[in-house]
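The values are calculated or read from the model by the stated rules, or taken from the named source; none is laboratory data. Being a predicted model, the structure only gives us computed values, none of them experimental. Here Cβ is always computed from backbone atoms with ideal geometry, including for glycine, and neighbour counts include all displayed protein chains. In case anyone asks, the SASA skips ligands and DNA or RNA and just uses the protein heavy atoms, side chains included. Shrake-Rupley method; radii C 1.70, N 1.55, O 1.52, S 1.80 Å.
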Amino acid sequence: MTEQEFIDCAKRDKDTAFSYLTTAYAQKIYGSCIQLLRNEEDAEDLVQEVFVSIYLSLDSFGGNSKLSTWIYAITHNKAKEFLRNKTRLKRQGTLTILDEHSEGLSSHTINFNHPGVQLEDKERAAVLFDAIDSLAENQSRAYRLAKIEGYSYTEISEIMELSVSSIESLLFRANKRLREILADFYQKSKS
Amino acid sequence: MTTKETDMNEEQHWIDDITSVSERIKSPQMPAHLLERIQAIPSTIRMKVDLVPKRTIWLVAASIAALIAVNIYVSNSSVTVESSSDSFGETYFSHLNQL
């Protein structure tokens, strides 16, 4: 289905358009939610929230941006809202899995339960995700999409509404900054 | 190799070790029950809308209207009291001035 066909379909029959979105995007959205929240149960709740939001705002999608950009923006905003609420509530049972190097890297503790991370990588992954969170928002988004979620540069440029060359330079800067953050953290943990 | 170089190598090795994790992170498969729940969203939303009877909606609207009317009435009455107390003050002070 092309974008225009989708818009026409959404105007004619909202349910059919929604059904198309669940088939085409549910897996991708679930993947993004897992990477953003790093917790299976939270990701399931978030996916539902995202799809409810998509269903309620289907009428407002006029094709001003790409469908993938629109969906990713909703997912990103809902994830931010979810994390804000979670931090505010300070739910009990929060588990901080950080190794001896990760002390002081971030005050943001997260219930790390990422189903895509192997058990032996869990502690390292927690450090990496904390470092990614410390990057500037655009860099963090681009890095996560490219390195964790496996999107191509073209797809990222569509999602972030930037040119491919901008994405390349953004990722170059993100890589450099990430290594600086990790180096700084390594030094702090050594001293 | 100096101690500083060894430390640098150790640091770079540790950073590489951490960043290489991203290559091994798999995208997990979405559970079937979640897909079912997502596909049921349109019917769930419709059901929720149908669950609120029209009578309740009108009752709530009437209550809000009554509340607004009471507020307007009370605020108008207080203005009248204030203006009457002002005129009392003026009369009192003009009486004092005459004395």
Global form of segment A:1-90, assessed from the alpha-carbon gyration tensor, a/c cut-off 1.5: prolate
Sulfur and carbon atoms: percent of accessible area, the protein assembly as shown [1.4 Å]: 55
Over 28 Å (Cα to Cα) - which of A:K78/A:K188; A:K11/A:K66; A:K66/A:K122 fall in this group: A:K78/A:K188; A:K66/A:K122
In segment A:128-191, the GluC sites (Glu not before Pro) that fall in loop regions by DSSP, at most 16 other Cβ within 10 Å: A:E161
Whichever aspartates and glutamates have a C-alpha closer than 19 Å to that of A:K86, once near sequence neighbours (fewer than 8 apart) are set aside: A:E40, A:E41, A:D42, A:E44, A:D45, A:E49, A:D130, A:D133
Alpha-carbon Rg with Dmax, taken over the protein assembly as shown, Å: 28.6, 106
A:N113 long-range amide H proximity, modeled H, under 5 Å: A:N39, A:E40
Centroid-to-centroid separation of segment A:114-191 and segment A:7-75 [C-alpha atoms, Å]: 24
Where trypsin sites (Lys or Arg not before Pro) in DSSP loops with at most 12 other Cβ within 10 Å are excluded, longest remaining stretch of chain A: A:92-191
Averaged over A:16-26, number of beta-carbon atoms from partner chains that fall within 10 Å: 2
